[in-house]
Amino acid sequence: MGDQEWTELIPGLPEELGLECLTRLHYSAHRLASRVCKRWRHLLQSKDFYYHRRETGFTHKVACLVQALPAQTGSKPTGQPRYGISLFDPVTRGWDRVDPVPKYPDGLPMFCQMASTEGKLVVMGGWDPSTWEPVRDVFVYEFTTRRWAQCADMPSTRSFFAMGAAGGRVVVAGGHDESKNALSSAWVFDVKEGAWAEAAAGGMSEERDECEGVVVGSEFWVVSGYGTETQGGFKSSAEVYDMTGGGGWRTVEGAWPVSRCPRSCVGVKRGGNGISLVCWAEAEAEAAVQVGVCGVEIGRRWTLVTGAAYQGAPHGFYLREEGQNGKLTKVNVCDEYAGYVQSGCCVEI
């Protein structure tokens, strides 16, 4: 059956109707559908088909979370949790898990970074979960085939860097090197070519360790962070990179309104006067998310916010829907997906 070839997409149906039927197929069925025939496989895995689904409104936006996994049955408890990638669908409130990266079957590198573009998930960096040594690994996950591919390593070792993706490219900036020196350099990874290049405009004007990356349109914002000599003194500014390549970096003073680490808790507020950045830990005090906060914007309609009221408190999950006065609604989560969320991103599958 897998080697069968059909002239028509669906026998007995006009070509345009066959295409529309496959366009409406849920992404979770693509892997099985790809085995029907070579033509279906080539279509479902093509970039043109992804764009067609996106233009016709049949892509699916979900939150991808780097999340602590439940303890393995029968295993001895250890002080270090294992992390995997969970998927949350805001429409169905359903959960799923992405298959482990083959190189790290027992858990992702600690503090790895994650972003998504063109329907693919990109994971890079972090610390080896066994040795805690920084790694330069880059992996790309294809949802159609449900397979991981290892790509060219990061050009240099860096930890706690900012990362963002758009238009098939991933930008990394800041963080620190193996000697704990804060970095100002920035690099761009082309997902299709699997190649790295220095950012067209060079690096940022300042070192920024423990910064956060946010993509707004075609701009990559590197929020806050601190320099080598001012460890823990988080800046209120952000540096913005034009991802179209038509411009360089610009600095936005006062962009980060709070004096705390921006990691995973930066939100974007849009209004008539442009955009502003918010801290989910400060903005949603009534929802009891003050510690270990992570916010993931799922398209323009939803935002998933996770966190705890205080250190050691149960981890809570809340969903904010646009147009509902900004209020957060508690999401009931089963034990399997109730673990601490380290970071996350939205993927349009």
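Is there a residue in segment 160-182 that is in contact with a helix residue (DSSP H, G or I) (Cβ under 6 Å, 6 or more places away or on another chain), within 20 Å of Gly232 (Cα to Cα) and not in a strand (DSSP E or B)? Break it down stepwise before answering.
Filtering segment 160-182 down to residues in contact with a helix residue (DSSP H, G or I) (Cβ under 6 Å, 6 or more places away or on another chain) leaves 181-182.
With the extra rule that they be within 20 Å of Gly232 (Cα to Cα), the set shrinks to 181-182.
Still in the list and also not in a strand (DSSP E or B): 181.
Yes, segment 160-182 contains a residue that is in contact with a helix residue (DSSP H, G or I) (Cβ under 6 Å, 6 or more places away or on another chain), within 20 Å of Gly232 (Cα to Cα) and not in a strand (DSSP E or B).
Is it the case, given these coordinates, that Val333 is touching a Gly at 6+ places or on another chain (Cβ under 6 Å) and either more than 20 Å from Gly164 (Cβ to Cβ) or without any contact (Cβ under 8 Å) to a residue 40 or more places away in the chain (or both)?
Numbers: touching a Gly at 6+ places or on another chain (Cβ under 6 Å): no; either more than 20 Å from Gly164 (Cβ to Cβ) or without any contact (Cβ under 8 Å) to a residue 40 or more places away in the chain (or both): yes.
In short, no.
Go through segment 7-40 residue by residue and tally those that are at pLDDT 85 or above, in a helix (DSSP H, G or I) and open to solvent by 70 Å² or more (accessible area, probe 1.4 Å).
Final tally of qualifying residues: 6.
Can you tell me which of Gly84, Gly107 is of a type outside the set (A, V, I, L, M, F, W, C), modelled with pLDDT of 90 or more, at positive phi and not in a helix (DSSP H, G or I)? Steps first, please.
On the way: Gly84 fails: at positive phi.
From the options Gly84, Gly107, the qualifying one is Gly107.
Wholly within segment 195-251, which strands (runs of 3 or more DSSP E) include no fewer than the required count, namely at least 1 residues that are in contact with a Pro (Cβ under 7 Å, 6 or more places away or on another chain)?
Details: elements: 195-198, 212-216, 219-223, 238-242.
Where strands (runs of 3 or more DSSP E) fall fully within segment 195-251 and carry at least 1 residues being in contact with a Pro (Cβ under 7 Å, 6 or more places away or on another chain), they are 195-198, 212-216, 219-223.
Return the residues of segment 136-169 that are under 25 Å from Thr228 (Cα atoms) and of a type in the set (A, V, I, L, M, F, W, C); say none if nothing qualifies.
Met154, Phe160, Phe161, Ala162, Met163 - these are the residues of segment 136-169 that are under 25 Å from Thr228 (Cα atoms) and of a type in the set (A, V, I, L, M, F, W, C).
For segment 79-117, what are the residues that are among the charged types (D, E, K, R) and surrounded by 19 or more Cβ atoms within 10 Å (Cβ to Cβ)? Before the answer, list the steps.
The first filter runs over segment 79-117 and keeps only residues among the charged types (D, E, K, R), leaving 82, 89, 93, 96-97, 99, 103, 106.
Across segment 79-117, the qualifying residue is only Arg82.
Confirm whether Ser224 is under 21 Å from the mean Cα position of the chain (by Cα), closer than 26 Å to Gly299 by Cα, surrounded by 20 or more Cβ atoms within 10 Å (Cβ to Cβ) and of a type in the set (S, T, N, Q). So that I can check it myself, show each step before the final result.
Numbers: under 21 Å from the mean Cα position of the chain (by Cα): yes; closer than 26 Å to Gly299 by Cα: yes; surrounded by 20 or more Cβ atoms within 10 Å (Cβ to Cβ): yes; of a type in the set (S, T, N, Q): yes.
Yes.
Restricting the search to segment 134-160, which residues are within 17 Å of Leu121 (Cα to Cα), without any contact (Cβ under 8 Å) to a residue 40 or more places away in the chain and open to solvent by less than 20 Å² (accessible area, probe 1.4 Å)?
Asp137, Phe139 - these are the residues of segment 134-160 that are within 17 Å of Leu121 (Cα to Cα), without any contact (Cβ under 8 Å) to a residue 40 or more places away in the chain and open to solvent by less than 20 Å² (accessible area, probe 1.4 Å).
The values are calculated or read from the model by the stated rules, or taken from the named source; none is laboratory data. It should be emphasised that the depicted structure is a prediction, and the values quoted were computed from it without experimental measurement. All Cβ positions, glycine included, derive from the backbone under ideal geometry; neighbour counts span all protein chains shown. Heavy atoms of the whole protein, side chains included, go into the accessibility calculation; ligands, DNA and RNA do not. Shrake-Rupley method; radii C 1.70, N 1.55, O 1.52, S 1.80 Å.
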